[in-house]
Amino acid sequence: MAPIRLPRRIPVAVRPPRTMLWRVHRTRHGALWYGPHGDPPSNRFDAPASEYGVCYFGESLDVSFLETLVRGADVVAQAEVAARTASYVATTEEMRFLQFEGAGLVRLKIGGDVAHAADYAPCQRMACDLYEQHPDIDGIQFRSRWDTSSLCWAVFDRAKAKVGPARGKQSLGDYDVIGPTLERHDIAVV
């Protein structure tokens, strides 16, 4: 797949202070874990050689669950659900993101097929270029691959001071927490 080249003037989406960001995360890491740091990069906007860390968020518990555990499946392992917690944070100041969705794709000269491709290497390389060339950008705003009506954010570790502490921690092992999401999307936990 061809590389994604950043234009001279990148498309920027601005999120105001107190924007709520949701995260479904391994309980052992905590909500504000900026990986991969030594782990091989496995997510869309991870640093190709672990040059920096990235923390992924969604605009709701639903989309965070879909992005983290479901990824197109209709069955999720109970052990994977039980090992995770849902938390939310509020941004503490304005944040600036590369707009990797909507009209931003036109400016980047790519389509949804590239933005949501199974091959993550072009997105990882683009994210690294963004990190190195635009120190004023806090991360990437994108649409969920599994629910394109929902926004998600990949926040670079350099912006961690703009993200408040984790709040509302809830175990996903509690059906009252995750049940509505499972029912809404017809997902089974086994």
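Remarks
- In this label model, Glu93 and Met20 are separated by 2.5 nm, measuring between points 7 Å along each Cα→Cβ vector.
- Within the chain, antiparallel bridges make up roughly 80 percent of the DSSP beta bridges whose residues both belong there.
- Rounded to whole Hz, the Karplus (6.51, -1.76, 1.60) HN-Hα couplings of the stretch 80-96, x for glycine and proline: 5, 5, 5, 7, 10, 10, 9, 9, 10, 10, 10, 5, 9, 8, 4, 10, 10
- Once the Cα-Cα distance is subtracted from the 0.36 nm per residue extended length, the Asp113 to Asp176 segment shows a gain of 19.1 nm.
- Computed log₁₀ I(q)/I(0) - Debye formula, equal Cα scatterers, no solvent, the chain, q 0.11, 0.16, 0.19 Å⁻¹: -0.47, -1.01, -1.39
- Between Cys55, Leu172, Ala118, the Cα set farthest toward the positive side of the dipole of the chain (charges on each charged residue's Cβ, about the Cα centre) is that of Cys55.
- The stretch 87-124 and the stretch 142-190: distance between their alpha carbon centers, rounded to Å: 17 Å
- For the stretch 145-190, diffusion coefficient by Stokes-Einstein and Kirkwood Rh (Cα), 37 °C, 0.692 mPa s, µm²/s: 240 µm²/s
- Note on the stretch 43-82: Kirkwood hydrodynamic radius from all Cα pairs is 11.9 Å, rounded to one decimal.
- Sum of -39500 (n - 2.57) over DSSP H runs of 4+, divided by residues of the chain (222 nm, nearest 500): -6000 deg cm²/dmol
- Burial order of peptide ranges 104-115, 22-33 (average beta-carbon count within 10 Å, highest first): 22-33, 104-115
The numbers here are math on the coordinates, done by the rules we state, and not lab data. Not measured: the values here are computed from a predicted model. Every residue, glycine as well, gets a Cβ built from its backbone with ideal geometry; the counts of neighbours run over all protein chains shown.
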